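To start, the structure under review is shown below, and the notes come after it.
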Amino acid sequence: MKSICIFCGSSMGKGDIYKNKAKELGKLLAKKNIALIYGGADIGIMRILADTVLENGGKVIGVMPKILEDKEITHKHLTELHIVEDMAQRKKMMADLADAFITLPGGFGTLDELSEILTWYQLEITEKPLAIFNINGFFDEFLKFLDTAVEQRFLRIEHRKNIIVEDDEEKLLQKLQNYTPIKIDSKWVDELKLN
């Protein structure tokens, strides 16, 4: 695994726990020589993560849409920076550059990025592993929603089980590296047509 795309907040969050865990993850990526692919911003947890990887000798590739570059929040000291037309191109380029995905706590943008990759996975557009870094139980309610969606038959259990969830950065990275997807019988779409 040479690169990981990380989705995370442009805010710092409440308290120091999110910032501190982002730093630990950043140090680990640099130590393992895994490039960070992220949204290219110089604010919030995004900045903390990028700065930590860079400070520890790692590689950071940012992908910034023009609309946000115009707001002057672009990180100026990245290994590589790609400016793209819009948010859709940003997500596509980050996904193309990455070998895996990790989602840290964040808001609407983070949820949008996570949801897109989950959907791509469901539609077999990608098979790259996806992990949720569940710092401080941040994603507990989201995970309950997914479990309810499985229980109510809006989501297949295989799709749910393919999401790695961990609150320890070392274990999370190990699970990503050892990941083997649970294959889903391609007939599941045909089953939907019969209902």
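Taking the stretch 83-109, which residues are over 14 Å from the mean Cα position of the chain (by Cα), aliphatic (A, V, I, L, M) and part of a helix (DSSP H, G or I)?
Once the filter is applied, which keeps residues that are over 14 Å from the mean Cα position of the chain (by Cα), aliphatic (A, V, I, L, M) and part of a helix (DSSP H, G or I), the stretch 83-109 yields 87, 88.
Please work out which residue is surrounded by the most Cβ atoms within 10 Å (Cβ to Cβ), limiting yourself to the stretch 104-116 and to residues that are of a type in the set (A, V, I, L, M, F, W, C) and under 21 Å from residue 84 (Cα atoms).
The extreme case among them is 114.
Would you please list the contacts, defined by Cβ atoms under 8 Å and residues six or more apart or on different chains, that run from a residue in the stretch 124-148 that is surrounded by fewer than 19 Cβ atoms within 10 Å (Cβ to Cβ) and in a helix (DSSP H, G or I) to a residue that is among the aromatic types (Phe, Trp, Tyr) and modelled with pLDDT of 95 or more?
Note: pairs meeting the criteria are 136/18.
Quick one: which residue in 101, 7 is in contact with a Pro (Cβ under 8 Å, 6 or more places away or on another chain), surrounded by 20 or more Cβ atoms within 10 Å (Cβ to Cβ) and either modelled with pLDDT of 95 or more or farther than 19 Å from residue 170 by Cα (or both)?
Exactly one of 101, 7 is in contact with a Pro (Cβ under 8 Å, 6 or more places away or on another chain), surrounded by 20 or more Cβ atoms within 10 Å (Cβ to Cβ) and either modelled with pLDDT of 95 or more or farther than 19 Å from residue 170 by Cα (or both), namely 101.
In the stretch 149-167, how many residues are surrounded by 14 or more Cβ atoms within 10 Å (Cβ to Cβ), part of a helix (DSSP H, G or I) and aliphatic (A, V, I, L, M)?
Selection size over the stretch 149-167: 2.
Restricting the first residue to the stretch 43-61 and requiring it to be touching a residue at least 60 places away in the same chain (Cβ under 8 Å) and more than 13 Å from residue 80 (Cα to Cα), which pairs with a second residue that is assigned to a helix (DSSP H, G or I) and aliphatic (A, V, I, L, M) meet a Cβ separation below 7 Å and a spacing of at least six or different chains?
Going by the 7 Å Cβ cut-off, the qualifying pairs are 45/22.
The values are calculated or read from the model by the stated rules, or taken from the named source; none is laboratory data. These numbers were taken from a predicted model, which means no experiment stands behind them. A quick note on method: Cβ atoms are made from the backbone with ideal geometry, for glycine too, and the neighbour counts reach across all protein chains shown.
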